[in-house]
Each structure stands twice: as structure tokens, then as C-alpha cells.
Amino acid sequence: MDELQREALEHRDMLMDVRGVLQTSHGQSLFRYLFRHFEVAGLPELGLEGAILHDRLGFLRAGQSIFKLASEANPVLAGQLLAEVEKENYEKLYRENKP
């Protein structure tokens, strides 16, 4: 078996593991937490430059990678979890800025 095949099998097995984790309530809580704290749907703040911008982009890239992995394992559930996180974020923002 060559390196490419071994990596493909490893990736497939990992996706099956993530799919299994997402089917549990604990796994959904874990991914909801990761989506929230790695700001999966976030963008860098306006005005960032240089090293600070690169650091922020690296952080956001980690969140994007986590979401892509979850989406590949179970796209419907990953999207649903992200939608719930975004809804919570907007509700919090609304409460904080309510007149």
C-alpha cells in the first residue's frame, strides 16, 4: 500500500470516528463549543495589519478546519450546530445592545 492510499484510509477512518462522535450529545456539545470558541463563522476585525492580522487569520483558519472536518463527517448536523451557535451569538448581541 502506498503513502497516498494509507492517508486516504486514515482520513476515511477519522471521518467515521468524527461521525460517531457527532451522533452523541457529548460530541455535539464538544463541536458546538469548538464552533463558538474558534469563531467558525468569524472574520478578522477591520483595521488589523501585519503580524496581528496573520495571528488572527491563523486562529480563524483553525476554526474553519474544524468546521470542514465536521461537515465532511456529517454536513447536516454540522450546519445545524453552526446555525445554533450563530443564533446564540446574535441573541447575545441583541441583548447587549437592547435600548
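What follows draws every value from the coordinates through simple rules; no lab data is involved. All of these numbers come straight from a predicted model, not from anything done at the bench. Cβ sites come from the backbone with ideal geometry, for glycine too, and all protein chains shown count toward neighbours.
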FRET efficiency for residue 10 and residue 51, Cβ-Cβ distance as r, R0 = 35 Å, nearest 0.05?
-> 0.55
Around residue 62, with a cut-off of 13 angstrom between Cβ atoms, what is the net charge of the other residues, counting Lys and Arg +1 and Asp and Glu -1?
-> +1
Please give the net charge around residue 19, taking every other residue with its beta carbon less than 11 angstrom from that of residue 19, where Lys and Arg add +1 and Asp and Glu add -1.
-> -2
Of 46, 34, 60, the one that fluctuates the most in a GNM where the chain has Cα springs shorter than 10 Å | 46
